[in-house]
Amino acid sequence: MNALRMLFLSVAGMVLLGIWLTGFDKAHWVLYFPVAFLSFAGVTGICPGLIFWNKIGFRNEPLACDISRRKE
């Protein structure tokens with residue numbers, strides 16, 4: 001697993017922890033969407049949000065840490 005997948009899973013875990021601490025019966029159902037999408041992205045490596053924004057017209061630029069390691 002790479003770092004980006006672990007980032008997706010850890011953010012999903014933090015949101016789920018927040019929902020759990022608030023109470024599953026008190027949390028709004030919309031709060032479960034980020035958990036589902038980030039868990040899906042972490043497990044499969046396919047990020048629906050990245051695909052959506054890429055189709056809208058935003059470029060998928062490399063991360064800042066990847067720019068310095070770019071092969072010439």
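Since every read-out is calculated from the coordinates, none of them should be taken as a lab result. Because the structure is predicted, anything quoted here is derived from the model rather than measured. For neighbour counting, all protein chains shown are included, and Cβ atoms are generated from backbone atoms with ideal geometry for every residue, glycine included.
Show me 3-10, 17-24 ranked by packing, highest mean number of other Cβ atoms within 10 Å first. Don't skip to the end; give the middle numbers.
Working: 3-10: 14.1, 17-24: 10.9.
Packing proxy ranking, top to bottom: 3-10, 17-24.
For region 3-67, what's the relative contact order in percent, using C-alpha pairs closer than 8 Å and at least 6 residues apart?
Relative contact order of region 3-67: 36 percent.
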